[in-house]
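K.L.:
Structure incoming, see below.
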Amino acid sequence: MLTAKDIMTREVICVPPELPVGELAALLLRHKIGGAPVVDEEGRLLGVVTESDLIDQGKNVHIPTAVAILDSFVFLESPGRMEQEIRKMAGRTAGEICARKPVTVEEGAGLADIATIMSERKVHTLPVLSAGRLVGVIGKTDLVRAISSLSQAK
């Protein structure tokens, strides 16, 4: 059974939280990657920043739906979501636009678990941890490559 350790990319391109958004975009393009872990000076994982985070900077703000009842407004969705979107749209650095609570897996996670996480959580860049430290990353291409190798082995 293939695990995260078997399919992960070990040479991870990480970015510091203070990296400007323009430099981040250039780095992702230059290395042909869809995202990168954001790490502090000690190498601790702070978050993950992706192409989607960059794209979010150019989108329209979503105004939460509200219903007026008597003299009050009842929000049908979280108004905090709008605040979060505005903060991300105004972000100038990788640390300001990254997902701060990234989904991660341990080295021993199986291929099926990885595929399930990436599909259900809509994650395209999955950091791999060992004893709490970043040891690799799994991207969509890594997963497709692993699935392809399994089907060719049959």
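Laboratory data are not the source of any read-out in this text; all were calculated from the coordinates shown. In this text, all values refer to a predicted model and were calculated from it rather than measured experimentally. We place every Cβ from the backbone using ideal geometry, glycine too, and count neighbours over all the protein chains shown.
K.L.:
Quick one: what are the phi-derived ³J(HN,Hα) couplings along region 25-31, Karplus 6.51/-1.76/1.60 with θ = phi - 60°, whole Hz, x for glycine and proline?
P.N.:
4, 4, 5, 4, 5, 4, 9
K.L.:
Quick one: what are the phi-derived ³J(HN,Hα) couplings along region 10-22, Karplus 6.51/-1.76/1.60 with θ = phi - 60°, whole Hz, x for glycine and proline?
P.N.:
Using θ = phi - 60°, the values come out as 8, 8, 8, 8, 9, 10, x, x, 8, 5, x, 4, x Hz.
K.L.:
Here is a further query. Sum up the charges of everything whose Cβ sits under 12 Å from the Cβ of Gly110, counting Lys and Arg as +1 and Asp and Glu as -1, but leave Gly110 out.
P.N.:
Working: positive: Lys5; negative: Asp6, Glu106, Glu107, Asp113.
Local charge sum for Gly110: -3.
K.L.:
How large is ³J(HN,Hα) for each residue in region 124-138, as worked out from phi by the Karplus curve 6.51 cos²θ - 1.76 cosθ + 1.60 (θ = phi - 60°), to whole Hz, x for Gly and Pro?
P.N.:
Working through the residues one at a time gives 10, 10, 10, x, 10, 10, 9, 6, x, 9, 5, 10, x, 8, 10 Hz.
K.L.:
What are the residues whose amide H is under 5 Å from the amide H of Leu19, where those residues sit 5 or more places off or on another chain and H is modelled from the backbone?
P.N.:
Those qualifying (amide H under 5 Å, at least 5 residues apart or on another chain) are Ala94, Gly95.
K.L.:
Another one. How do His31, His124 rank when sorted from fewest to most other Cβ atoms within 10 Å of their own Cβ?
P.N.:
By the 10 Å Cβ count, ascending, the order reads His31, His124.
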